[in-house]
Structure formats: structure tokens, C-alpha cells
Amino acid sequence: MSLENAVRVFAGIMIFLSVALTLWVHPSFYWFTLFIGANLIQSAFTGFCPAAMIFGKLGFK
């Protein structure tokens, strides 16, 4: 799997997780969803993505 696809899968899993936490644990977990979205937007403009850095160190190319 490529690095870009790994980051996309990870972002999707995190969004599903945050929505589930919002529905079943506490409504304030919507802030987690907003944080994920903001991180995706800033990484599109700046090219800085912490998840991509971590996956790169794990060996994804």
C-alpha cells in the first residue's frame, strides 16, 4: 500500500471512530471530528502531515 493510501485509510478510520464516539459516548467528541478535518485541510495547503511522517517511518512508500 502506498503512503498516500495509508494516510487516507487512517483518516477514514479516525473519522468513523470519532463519529461513533460522538454517538455512543459523549456529544463533545464532535471536536475530535473537527480536529481531523482541520488537519486534513491544513495538510493539503502546507504539505505537513504528521500521519504521513509516522507511516513513512513505518516503511510505507
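Here, each number is a calculation from the coordinates, and none is a lab measurement. Not measured: the values here are computed from a predicted model. Ideal geometry is used to build each Cβ from the backbone, glycine not excepted, and the neighbour counts take in all protein chains shown.
When only DSSP loop residues count, what chymotrypsin sites (Phe, Trp or Tyr not before Pro) in the chain have their Cβ near at most 13 other Cβ atoms within 10 Å?
Numbers: sites: 10, 16, 24, 29, 30, 31, 32, 35, 45, 48, 55, 60; in loops: 48, 60.
Those that pass, being in a loop and sparsely packed, are 48.
Quick check of the Kirkwood formula: for the chain, what is the inverse mean of 1/r over all pairs of different Cα atoms, in Å?
On the way: mean 1/r = 0.0814 Å⁻¹.
Result for the chain stands at 12.3 Å.
Apply the membrane-span-like helix rule to the chain: whole DSSP H runs, Cα extent along the own long axis of at least 30 Å, mean Kyte-Doolittle hydropathy at least -0.5. List the helices found.
On the way: long enough: 3-24 (31 Å, 1.61).
Span-like helices in the chain: 3-24.
Using Cα pairs under 8 angstrom and six or more residues apart, how large is the relative contact order of the chain, in percent? Mind showing how you got there, number by number?
Numbers: 34 pairs, mean separation 30.1, N = 61.
This gives 49 percent for the chain.
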